[in-house]
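The values are calculated or read from the model by the stated rules, or taken from the named source; none is laboratory data. None of the values given here were measured: they were computed from a predicted structure. Counting neighbours? That spans all protein chains shown, and the Cβs are built from the backbone with ideal geometry, glycine included. All accessible areas refer to the heavy atoms of the entire protein, side chains included, with ligands and DNA or RNA removed. Shrake-Rupley method; radii C 1.70, N 1.55, O 1.52, S 1.80 Å.
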Amino acid sequence: MSNHTHETVPTQFVEADGIRYAYRRFGKPGTVPLLFLGYFNSNMDAWDPAVTNSLAEDHEVILFDNAGVGASGGETPYTVAEMTPQSVAFCRVLGLKAIHVVGFSLGGMIAQQLALDHPDLVQRLILLGTAPRGGEGLTFTELSAEEQADPVAFLLGAFFTPSDASQAAGRRYMKRLESRTRDRDLPVSRNSAVAQLAAIRQWGAIPSTNRYVTLKNITHQTLIVHGNKDVVVRPINALILAEQLPNAQLIVYSDSSHGAQYQHAREFLQHVELFLSNADAAVSQKDPIALKSSVALSG
């Protein structure tokens, strides 16, 4: 397992509750795995190798396609609440007793539900470019199932700002996505994209009362990462998460949009390593120490 990289790790399959899940597992054995949950209309190939390979040096990394996504079987549910049990079933069939979750956008929404529904399985949360249930500006009327018909234009426009520096970082990111040349994942089907979009919009519906009441029940240590000019998920949502989650810290990267963690990959990896530096010890010792909410701005 430890000999593989993002580019070389083989795609494996496992069946849980009648659904065949595609996944890739590599990195340092014996550590609490990092389970990566992806954004709307993305598959395993959409993760940045610069991030996954770096994290795999000290942690086990697990990428997977949830039901109906990419090479996985089954059908994609129309709500985040229904997507979550499938993630759990996947973890159970692999025999995972504890995980750290890296959730990006839609994946970050699933990560929150996962922490609420299965607090003993989840150890720590890393939430990237995501929002709480009923957050600000989550109607996503500009999105469609065909949004990535031109994936390069989509990612450069959504993940990076118009500045020369950000666009240059975007082009480097796009180049890195091409580094895996064999055994690539299947594209996301239109049916799956339609279901994912419905799930995001349902998550974004504002309740009539108790808008953020469930967030206080997510007591896990949480790292929130957001771009200060995110055009997909408004930055105010990251601040709401930081305010409402009991043990969260927020990092906002400058001149960056939805792909802030990729534009600022070096700083992001440093922040993640600091966040996870005592995680395995905390799990084994049942460390009760909680992080107090804090905000850091990185350029």
How much of the accessible area of the chain, in percent, comes from carbon and sulfur atoms when a 1.4 Å probe is used? 52 percent
The chain, helix-only ellipticity at 222 nm - DSSP H runs n ≥ 4, -39,500 (n - 2.57), divided by all residues, nearest 500: -10500 deg cm²/dmol
Neighbour net charge for E7 - beta-carbon separation under 14 angstrom, K R +1, D E -1: +1
Given the options G107, G70, G18, which has the most mean-square fluctuation in a GNM of the chain, springs set between C-alpha atoms less than 10 angstrom apart? G18
With both bridge residues required to lie in the range 1-117, what share of the DSSP beta bridges run antiparallel, to the nearest 5%? 60 percent
Can you pick out the pairs among K97/K229; K175/K229; K97/K175 whose Cα atoms lie more than 29 Å from each other? K97/K229; K97/K175
Roughly what % antiparallel, to the nearest 5, for the DSSP beta bridges in the range 1-63? 75 percent
For the range 175-236 and the range 15-76, write down the distance between their C-alpha centroids in whole Å. 15 Å
What residues qualify as long-range amide H neighbours of D185, i.e. H under 5 Å apart, gap of 5 or more or another chain, H built at 1.01 Å from N? D45
What number in nm² do you get for the chain if you take the convex hull of its Cα atoms and divide its surface by four? 13.7 nm²
Pull out a ≥ b ≥ c, the square roots of the eigenvalues of the alpha-carbon gyration tensor of the range 179-237, then state rounded if a/c is under 1.5, prolate if not and a/b is larger than b/c, and oblate in the remaining case. prolate
So how far apart, in nm, are the two label points at I236 and N210 if each is 7 Å from Cα heading toward Cβ? 2.4 nm
Measuring from a point 7 Å past the Cα of A165 along Cα-to-C-beta, which residues in the range 223-242 have an amide N at less than 19 Å? 226-231
Inter-label distance for S179 and L96, nm, one decimal - labels placed 7 Å from Cα along Cα-to-Cβ: 2.2 nm
Restricting attention to the range 125-204, which trypsin sites (Lys or Arg not before Pro) occupy a DSSP loop and are surrounded by at most 16 other Cβ atoms within 10 Å? R182, R184
Summing +1 for each Lys or Arg and -1 for each Asp or Glu, what net charge is found among the other residues whose Cβ lies under 15 Å from the Cβ of V93? +1
Probe 1.4 Å - accessible area at E267, Å² to nearest ten: 60 Å²
